[in-house]
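Report on the following structure.
The values are calculated or read from the model by the stated rules, or taken from the named source; none is laboratory data. What you see is a predicted model; the values in this text were computed from it and never measured. Counting neighbours? That spans all protein chains shown, and the Cβs are built from the backbone with ideal geometry, glycine included.
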Amino acid sequence: MSKIHAVITGVGGYVPDYILNNQELSSMMDTSDEWITTRVGIKERHILKDKHLGTSFLAAKAVEDLFAKTQHTPDEIELIICATTTADHIFPSCASMIAGKTGIKNALAFDIQAACSGFITGLELGTAFIQSGKYKKILVIGAEKMSAITDYTDRTTAPLFGDAAAVILLEATSEELGIMDSLIHTDGIGAKHLQMKAGGSANPTSAETLEKREHYIYQEGQAVFKHAVSNMSDVSAQIMEKNNLTKDDVAWLIPHQANLRIIDAVAKRTGVEHDKIIINIERYGNTSAASIPLCIWESESKFKKGDNIILTAFGAGFTWGAVYLKWGY
Ligand code: UT7
């Protein structure tokens with residue numbers, strides 16, 4: 001019997017309308033277009049302005065986009081995996097909120113928390129569910145309202161993040177297509193360098209935590225940068241080597257979009273030419289778990305059936321990894 005593969009058969013995406021550009025940010029805090037562009041590579045980010053709408057709103061729009069494009073219906077979906085750090089509520093899950101908004105009623109639905117590596121972790125899980133033989137149509141979503149946890153008085157983090165959602169449909173196939181291999185790692189030493197200090201069970205919300213602004217992203221940028229550069233570069237090179245892929249065999253490399261300088265380092269280490277690296281950080285900033293599927297959504301028309309694609313991500317935890325896939329259509 002031939003092996004069951006999990007293949008991406010459709011993509012949907014959504015970004016909110018409002019664009020916060022570097023000029024506007026510079027009027028809010030002591031920063032400049034020049035600093036943000038040269039140090040990070042971001043020009044603008046999309047922000048969901050409505051305070052009463054959460055991540056599930058963005059994700060449901062992305063799922064509706066996918067249904068419209070692929071002609072699939074909510075009834076066919078058997079599993080929803082939502083990778084997010086910014087679920088609407090601590091509970092219930094964002095995945096169940098998305099199911100409610102999109103009319104999906106026949107699916108197991110849950111969230112995963114692997115920060116910016118959430119989407120590749122979701123793909124890993126989705127692939128295992130498909131390969132079990134029990135599930136045939138799975139939505140893997142990366143969705144974030146990062147603006148809800150970004151401190152717009154802190155110039156070291158405010159320019160970095162944006163809001164977005166994107167989703168892929170994962171299906172079973174007996175063809176040699178889809179997710180071929182993955183290498184995913186975790187090292188808990190990273191927690192102290194990148195976290196939200198309050199609002200969880202170790203430090204519940206209180207007047208004091210609010211006063212100390214501990215409900216926003218805390219990041220020690222340089223420490224995270226160093227780990228991101230070495231780990232994303234190494235894991236990308238390793239997955240290529242493990243699968244006997246030279247730089248010429250790779251059609252596309254899709255890195256998590258946190259900093260253009262990190263992306264450049266991954267390019268240098270793998271040798272993959274710049275025109276084969278998908279980059280949209282300039283227009284969206286770091287959308288955490290949404291960044292890789294957002295790149296897939298925007299670049300879908302460039303991909304050809306059988307293209308070798310490497311995805312790579314790094315995020316809080318630390319978590320990081322790479323996925324090798326063959327494009328399915
Ligand atoms: O997505 C999950 C993982 N996250 C990442 O991968 C992010 C990794 N880290 C980074 O991308 C970078 O470290 C940052 C973009 C966060 C910061 O860039 P950096 O080159 O590491 O800057 P820095 O923190 O070393 O700061 C350099 C200088 C400092 O001033 P002094 O001490 O040299 O006078 C900062 O105070 O730049 C200053 N600075 C700014 N200046 C203008 C920091 N933020 C700003 C700002 N505008 N927004």
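Per-structure values
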item: Members of the range 290-321 that are free of Cβ contacts under 8 Å to residues at least 60 places away in the same chain and among the hydroxyl-bearing types (Ser, Thr, Tyr); result: SER299, SER301
item: Of all residues making up the range 208-228, the number that are among the hydrophobic types (A, V, I, L, M, F, W, C) and more than 25 Å from the chain's Cα centre (by Cα); result: 1
item: Filter pass, ILE130 being in contact with a Lys or Arg (Cβ under 9 Å, 6 or more places away or on another chain) and not in a loop (DSSP other than H, G, I, E, B); result: yes
item: Some residue of the range 271-290 being more than 27 Å from VAL63 (Cα to Cα), among the small types (Gly, Ala, Ser), not in a loop (DSSP other than H, G, I, E, B) and not assigned by TED's automatic domain parsing to the domain that holds ILE168; result: no
item: Pairs where the first residue, in the range 29-55, is free of Cβ contacts under 8 Å to residues at least 24 places away in the same chain and within 25 Å of ASP88 (Cβ to Cβ) and the second is more than 9 Å from the ligand (Cβ to nearest atom) and part of a helix (DSSP H, G or I), C-beta under 9 Å, 6+ apart; result: ASP50/PHE57; LYS51/ALA148
item: Residue match in the range 252-270 (condition: within 16 Å of the ligand (Cβ to nearest atom), surrounded by fewer than 21 Cβ atoms within 10 Å (Cβ to Cβ) and within 17 Å of the chain's Cα centre (by Cα)); result: yes
item: GLN238 vs. criteria of a type in the set (S, T, N, Q), within 16 Å of the ligand (Cβ to nearest atom) and at negative phi; result: no
item: Selected residue (only one of VAL140, VAL63 is of a type in the set (A, V, I, L, M) and either at pLDDT below 95 or over 30 Å from HIS193 (Cα atoms) (or both)); result: VAL63
item: Selected residue (only one of ASP163, ASP181, ASP151, ASP187 is among the acidic types (Asp, Glu), surrounded by fewer than 20 Cβ atoms within 10 Å (Cβ to Cβ) and within 28 Å of ILE19 (Cβ to Cβ)); result: ASP151
item: Selection from the range 230-252 of residues that are within 15 Å of ASP187 (Cβ to Cβ) and not acidic (Asp, Glu); result: SER230, ASN231, MET232, VAL235
item: Residue identified as within 16 Å of the ligand (Cβ to nearest atom), assigned by TED's automatic domain parsing to the domain that holds ALA313 and out of contact with any helix residue (DSSP H, G or I) (no Cβ under 8 Å at 6 or more places or on another chain) among ALA202, ALA223, ALA191; result: ALA191
item: Verdict on ALA172 being surrounded by 12 or more Cβ atoms within 10 Å (Cβ to Cβ), away from the ligand (no atom under 11 Å from the Cβ) and assigned by TED's automatic domain parsing to the domain that holds THR121; result: yes
item: Residues being hydrophobic (A, V, I, L, M, F, W, C), away from the ligand (no atom under 16 Å from the Cβ) and part of a strand (DSSP E or B) - total across the range 1-48; result: 6
item: First in the range 145-158 and closer than 10 Å to ILE217 by Cβ, second anywhere and of a type in the set (Asp, Glu), Cβ under 7 Å, 6 or more apart; result: MET146/ASP163; THR157/ASP151; ALA158/ASP151
item: The range 304-322 - residue that is in a strand (DSSP E or B) and more than 14 Å from the ligand (Cβ to nearest atom) and, of those, nearest to SER233 (Cα to Cα); result: ALA322
item: Wholly within the range 159-261, strands (runs of 3 or more DSSP E) carrying at least 2 residues that are under 25 Å from TYR14 (Cβ atoms); result: 163-173, 178-186, 252-255
item: Residue list for the range 236-249, filter: over 17 Å from the mean Cα position of the chain (by Cα) and either closer than 23 Å to CYS116 by Cα or not assigned by TED's automatic domain parsing to the domain that holds ASP275 (or both); result: ALA237, GLN238, ILE239, MET240
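Each row is one residue, and each column tells you yes or no for (1) assigned to a loop (DSSP other than H, G, I, E, B); (2) at positive phi; (3) more than 19 Å from the chain's Cα centre (by Cα).
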{"position": "ASP50", "(1), (2), (3)": "yes, no, yes"}
{"position": "ILE80", "(1), (2), (3)": "no, no, no"}
{"position": "ILE90", "(1), (2), (3)": "yes, no, yes"}
{"position": "ALA99", "(1), (2), (3)": "no, no, yes"}
